[in-house]
Amino acid sequence: MSISVIVRVRDEAEALDRCLTLIDYQQGLGAAPELIVVDNDSQDTSAAVARRHGAQVVRISRPRFTFGRALNLGASVAHGSVLVALSAHAYVHDTGWLARIAAWLDDPRIACASGERYWPDASPLLAPVSYDAFLARGYPRWGYSNVAGAFRAALWRERHFREDLPGAEDKEWGRYWALADRGVTLLDPGLVVDHDHSRDRVAEVFTRAHREAAGMAMYLNGAAPRTPLLREWFDDPRLYANPWRARFSPRRTAWLLGERLGAATAQLSSRAGR
């Protein structure tokens, strides 16, 4: 098995250096992975950091950037049979992470694999789960993540990530193969990486939620969150231990509003295009 690691970056030189250093330390592989960095017009030293680690740098301009297009661009120059996607600020926890995630792809039934901590109802995920057609129909917003995940290059060559989605291109891709009965997504709590957005500014939280919800609404034909906004704000603590702290968290409120407006935006665009 040959492995290519594709890292997406924009003005994150320090984070990229840490991310690639952790990949350099990976063990249990037959050969060193190919490193590809997709640079979204960084104005800092991200490209120089990537080259210092021996990575091939591929540039994508900001006006043309979508997550799907960036991944497709990186995958188009990769030579591995297993392609590993990483955000520049996603940090693996140990030296065996890359070998573990690649090992899941030894199973021909698996299309892609990534880490996951929780079920959709926020209960802890204690063992690996196969996100198959049954789960894909019941939990269409759950699934594979390109933050830190691996996917089979042969399947990617058959069907690329959708470049028109503003977000959730990873969820859509994994769900497609599950519904087609061509491969499952393996969700493993042992593959979770350090990827922390808990300190993001409120505006950044809103933007991320808007982007993800809009992408999901596009591949779910305009489906919006089913729970009314006020009920979800009051009843669903979203991983907060204290429900009152959840209710008055500005980041959580920004996320809920971003989700609703993102889905609404996608619905309006869909109707306008008919």
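The values are calculated or read from the model by the stated rules, or taken from the named source; none is laboratory data. Quantities reported herein were computed from a predicted structural model and do not represent experimental measurements. Every residue, glycine as well, gets a Cβ built from its backbone with ideal geometry; the counts of neighbours run over all protein chains shown.
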Those residues of the stretch 85-117 which are over 25 Å from Asp196 (Cα atoms), surrounded by fewer than 24 Cβ atoms within 10 Å (Cβ to Cβ) and in contact with a helix residue (DSSP H, G or I) (Cβ under 9 Å, 6 or more places away or on another chain), in sequence order: Ile110
Condition broken by Ala122, with the remaining ones in (1) on the phi > 0 side of the Ramachandran plot; (2) buried (at least 19 other Cβ atoms within 10 Å of the Cβ); (3) not basic (Lys, Arg) satisfied: (2)
Those residues of the stretch 182-196 which are among the β-branched types (Val, Ile, Thr) and either more than 13 Å from the chain's Cα centre (by Cα) or not in a strand (DSSP E or B) (or both), in sequence order: Val184, Val192, Val193
Residue match in the stretch 51-58 (condition: part of a loop (DSSP other than H, G, I, E, B), in contact with a strand residue (DSSP E or B) (Cβ under 9 Å, 6 or more places away or on another chain) and loosely packed, with under 14 Cβ neighbours inside 10 Å): yes
Wholly enclosed strands (runs of 3 or more DSSP E) of the stretch 62-179 bearing at least 3 residues under 29 Å from Thr21 (Cβ atoms) and within 18 Å of the chain's Cα centre (by Cα): 82-87, 110-115, 148-152
Members of the stretch 131-147 found to be surrounded by 14 or more Cβ atoms within 10 Å (Cβ to Cβ) and closer than 14 Å to Tyr176 by Cα, listed by number: Tyr131, Asp132, Ala133, Leu135, Ala136, Tyr139, Pro140, Arg141, Trp142, Gly143, Tyr144, Ser145
Flag if Asp132 is at pLDDT 95 or above and of a type in the set (Asp, Glu): yes
